[in-house]
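Here the structure comes first, spelled out in C-alpha cells, and everything after it is commentary.
The values are calculated or read from the model by the stated rules, or taken from the named source; none is laboratory data. Remember, predicted model here, so these are calculated numbers, not experimental data. Note: ideal-geometry Cβ built from the backbone for every residue, glycine included; neighbour counts use all protein chains shown.
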Amino acid sequence: MEAQKNTLLQVEHLKKYFQVGKSATLKAVDDVSFEIRRGETLGLVGESGCGKTTCGRTCIGLYSKTEGLVRFDGEDVHALSGKSRERFKRRAQMVFQDPYSSLDPRMTVAEIIGEGIDIHGLAESKNDRRDMIYRALEQVGLNQEHASRFVHEFSGGQRQRIGIARALAIQPEFIVLDEPISALDVSIQAQVVNLLIGLQQKMGLTYLFVAHDLSMVKHISDRVMVLYLGAMAEMTTSAELYAHPMHPYTKALLSAIPIPDPRVERRRAQAKIRLGGEVPSPINPPPGCKFQGRCPYATEACRRQSPPMRELRPGHFVACFHCPDA
C-alpha cells in the first residue's frame, strides 16, 4: 500500500500505434509497462526513432493511447475530462526538445510564461501575475529584464531555460523532459542538467527524462529504462545499469559512450560492441524479439517469440532469453 502511495505515474501495457497510409501501422510504443515514484527521475533512453518521445507524450495525454492504461496519482489519464483534465494539465507539463521551434517568436517572454498562468487562472491580479512570471524566470537563472524581450534575442541555452520557466510557472508536480539538452552546445548541456537537478531538489518535482545521451542520463536519473523499437529492453537503477548492463543492446549503447582520454579510448576500441544489420522499421518489425536481427546471441527461440521482462537481479529487469549474464 505504501508503494502505491509513493507511485505518481503508473503505465501498464501501453501501446501507441499510428496509421500510415491505408493499410500500414507504425508501432511506435509496443506494450510498455513502468512506474515513476514521487520525486524521482526515470531516464528513458534509446536510439532515435525508438519511440521515446511518443511514450512521453502519450503518458501525459498529448497523444491518445491505442491500448493500455496510464494512471497519474491513481487517475486514468486518458479518461479525464472537464475540470479533472484541466487539473491534470496543470500538474503535468512538458519541456520540448527544440527551444527554437517550441517558443512562439511573436510573443514576449512574459507572454510565453504568463500564458499558462492565464489559462489556469492562477493570478489574482496583474501584479500577482507579473510576480509569478518574474519568480519563474529567477528560478531558471534569468532576470526580470528578460521578460519584455522576444525569444530571438536569446541563445539556445537561454531559450531552453525559458521553456523550463514556462513549465514551472504553473507549479507542476511532474515534467516530461523530451531531450531537453540535445539541441544545445555541449558546454551548455551540463548547466541545464544541473539546473534541472537543483529545481527537482528544491520543488520536489518528478521527471521523465527522455534522452539518447547516456552520460547525461547517468548524471540525472535515479532509474533508467532502455527502449528498442518501441519495446522495453532493460530497466534498473542508474548505478546498476552502468555497473552491470545485461541486455546486449544496452551493452552496445554503453560501449559507444566516448571517454575524453585518447589513451583510454584506444584501450576500449577493441572492446566496443559494433552491432550488425540495420534498425528494423517499426512499420514492419521482425517476429519474436525485435533485437534478434542485430543480436550476437540470437537463437531460434528469439525469432519465434518476444522475451518477457524478467528480474535477473534485485530490481534489475531484462527482456532477453539468452542474456549472457543471466
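If I ask for residues that are touching an Asp or Glu at 6+ places or on another chain (Cβ under 6 Å) and surrounded by fewer than 22 Cβ atoms within 10 Å (Cβ to Cβ), which ones from region 207-224 would you list? Spell out the reasoning first.
Applying the first criterion (touching an Asp or Glu at 6+ places or on another chain (Cβ under 6 Å)) to region 207-224 yields 210-211, 222.
Listed by number, the list holds a single entry, D222.
Out of L42, L9, report the one residue that is closer than 24 Å to L254 by Cβ and at pLDDT 95 or above.
Numbers: L9 fails: closer than 24 Å to L254 by Cβ.
After applying the criteria, what remains is L42.
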Exercise for review: Considering only region 38-132, give the helices (runs of 4 or more DSSP H) lying wholly within it that have at least 2 residues that are more than 20 Å from V11 (Cα to Cα) and of a type outside the set (G, A, S).
Suggested key: 82-91, 109-119
**Study point:** Answer residue from region 233-251, given it is under 18 Å from the mean Cα position of the chain (by Cα) and surrounded by 23 or more Cβ atoms within 10 Å (Cβ to Cβ) and is farthest from C55 (Cα to Cα) among those
**Key:** L241
Point to revise | Sole exception among (1) surrounded by 12 or more Cβ atoms within 10 Å (Cβ to Cβ); (2) at pLDDT below 90; (3) not hydroxyl-bearing (S, T, Y) for G288, by number | key: (2)
Exercise for review: May I ask you to verify whether A110 is within 28 Å of Q201 (Cβ to Cβ), modelled with pLDDT of 95 or more and in contact with a Pro (Cβ under 7 Å, 6 or more places away or on another chain)?
Suggested key: no
Check your understanding: Out of curiosity, is L62 within 23 Å of the chain's Cα centre (by Cα), farther than 16 Å from I164 by Cβ and loosely packed, with under 15 Cβ neighbours inside 10 Å?
Key -> yes
Exercise for review: For region 139-150, state whether one or more residues are closer than 21 Å to T53 by Cα and either without any contact (Cβ under 8 Å) to a residue 40 or more places away in the chain or among the β-branched types (V, I, T) (or both).
Suggested key: no
Practice item. Please find, within region 142-168, the residue that is surrounded by the most Cβ atoms within 10 Å (Cβ to Cβ) out of those that are aliphatic (A, V, I, L, M) and over 19 Å from R106 (Cβ atoms). Key: I164
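What number of residues within region 195-213 satisfy the criterion of being over 26 Å from H13 (Cβ atoms) and either among the charged types (D, E, K, R) or within 13 Å of the chain's Cα centre (by Cα) (or both)? Give the derivation first.
In the first step, residues of region 195-213 are kept if they are over 26 Å from H13 (Cβ atoms); the result is 195-205, 213.
Now drop any that are not either among the charged types (D, E, K, R) or within 13 Å of the chain's Cα centre (by Cα) (or both), which leaves 202, 213.
Summing the residues that are over 26 Å from H13 (Cβ atoms) and either among the charged types (D, E, K, R) or within 13 Å of the chain's Cα centre (by Cα) (or both) in region 195-213 gives 2.
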